[in-house]
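Report on one structure; see the data block that follows.
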Ligand code: NDP
């Protein structure tokens, strides 16, 4: 008997995923382009389960049961194509390739189509949870044909995180659906982290609290509605002391955020779909601004801010409420984007399933996702989470605090792009009539783009005279 599944690409993610598979009793073949990683895995962890190491892809493929199930866990982009090109001549019809990296969903669509023409199955599979998740139970989002998912369902649901007896793995939809929702998950993660960073900034630059004090605040917040992996981790990071200097670690970390691209991809896709995902997009911009350290340092010396000011009573609790309300908006936007993509690409993605499999294993795991799951159980066709009774009430209850925090941030000159954008979205979304009538009027004036009216069906254009007066209508 051969191995039930193989993993090629044994950097941190592939190695941990292979160990996770082996620890659950599935015989697993392992391979890496450079042999040293394979050797190291076997030397260190070979006794954790039934591993079959291979030094060549030929041996690797030959050691697998049919249909062959191969997880590709290499660097996203060209390397995935390179590995597929090497594997294809060695495979037979019905074999299944599982790309577990952070591939762009358009690449996945292309690969799935090309491989299907050769009788091979391709599952573009989002894996969330970082290296710890890969080892102990990630959230897994496979996308591809039903025929490809069925033979790997048992392994994937077994190695995934489990919450209340439910695995954090589910078939998301065809072709690029799995990688799309993983991308959107990461986009939401960007927004979540940006909101947390803004809350921290308000408490430190605004309220003058120290990192250890803010760590304690986050610990308390983690006992309420905000309970989540990211809030808990924020408390840990803020509470950590740098051994070399004795200062809070966060105070000695350079304030330039890096990015690998999934947040930017989410924002790009949202722009193309015409879905307003302002919190995620602001989070991407905030990282970009943070990276302009030299310019910021120069600007800090010459651009004046407000004269000064203080934070109002009850500010810490108000920041907590503002964080929660902004987070609801960020998730509402992210879920709306996934629904729009699902409609655009015909994926039939179920948002309730996403909320369910993101409750464990992944970086955005949170108590909050149970509420989202319940909202979609109440109303599977819910167009926007803000229209669910629970979230409507949660945001309504937080809105005074939310406005106070954004006002204070403006007065103090503390930038809160994601808090502010979320509040602006909320105010824009709840307006039955907004100022776009004027935009349409302007477009009609200089470009004859026409407009529709509130009192009559049809398309209208006003003939504007040279001096801007209406000369005739219709
Ligand atoms: P890396 O993204 O750092 O990729 C390194 C691996 O890719 C090595 O095994 C390397 O082989 C292999 N590789 C690179 N180029 C080629 C090539 N041309 N042919 C064959 N193999 C190649 O590894 P990670 O483990 O960090 O991530 C793997 C995937 O998982 C990525 O898509 C990543 O975005 C995604 N991911 C990562 C997470 C994380 O926390 N790190 C979380 C979730 C997803 P060699 O050893 O020979 O150089």
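The C-alpha atoms of the chain define a longest principal axis, and helix 177-201 lies at about 50 degrees to it.
Here each label is just a point 7 Å from Cα along the line to Cβ, and for residue 302 and residue 164 those points are 5.7 nm apart. Full extension of the chain between residue 424 and residue 393 gives 9.4 nm of extra length, using 0.36 nm per residue less the Cα-Cα distance. Indicate the gyration tensor shape class of the stretch 76-125 (rounded, prolate or oblate), computed on the Cα atoms with a ≥ b ≥ c the square roots of the eigenvalues: a/c under 1.5 is rounded; otherwise a/b larger than b/c is prolate and the rest oblate. Cα axes put the stretch 76-125 in the prolate bin.
Can you list the residues of the stretch 412-429 with backbone N under 13 Å from a point 7 Å past the Cα of residue 255, pointing along Cα to Cβ? In the stretch 412-429, the label zone of residue 255 (backbone N under 13 Å from the point 7 Å along Cα→Cβ) covers 413-416.
The gain in end-to-end length when the residue 403 to residue 205 segment is fully stretched comes to 69.4 nm, 0.36 nm per residue minus the alpha carbon separation. Each label point was placed 7 Å from the Cα along the Cα-to-Cβ direction; for residue 288 and residue 453 their separation is 4.2 nm.
Dividing the summed -39500 (n - 2.57) terms of all DSSP H runs of n ≥ 4 by the residue count of the chain sets its mean residue ellipticity at 222 nm at -17000 deg cm²/dmol. Projected label points at residue 465 and residue 220, each 7 Å from Cα along the beta carbon direction, are separated by 6.7 nanometres. Any idea what angle helix 417-429 forms with the longest principal axis of the chain, computed on alpha-carbon atoms, 0 to 90 degrees, nearest 10? On a 0 to 90 degree scale, this one is about 70. With a Förster radius of 35 Å, plug the Cβ-Cβ distance of residue 317 and residue 443 into 1/(1 + (r/R0)^6) and report the FRET value to the nearest 0.05. My answer for the efficiency is 0.20. With R₀ fixed at 35 Å, the C-beta to C-beta distance from residue 242 to residue 131 puts the FRET efficiency at about 0.95.
Measuring nothing but how far apart in sequence close Cα pairs (under 8 Å, 6+ apart) lie, relative to its length, the stretch 1-154 scores a relative contact order of 22 percent. Rg/Rh for the chain stands at 1.03; both radii use Cα atoms, and Rh follows the Kirkwood definition.
How many percent of DSSP beta bridges within the chain run antiparallel, rounded to 5? Around 35 percent antiparallel, to the nearest 5. Angle of helix 389-412 to the longest C-alpha principal axis of the chain, folded into 0 to 90 degrees and rounded to 10: 70°.
Where a number appears in this text, it was derived from the coordinates with a stated rule and is not lab data. Predicted model only: the values in this text are computed from it and were never measured. Virtual Cβ from ideal backbone geometry, glycine too; neighbours counted across all protein chains shown.
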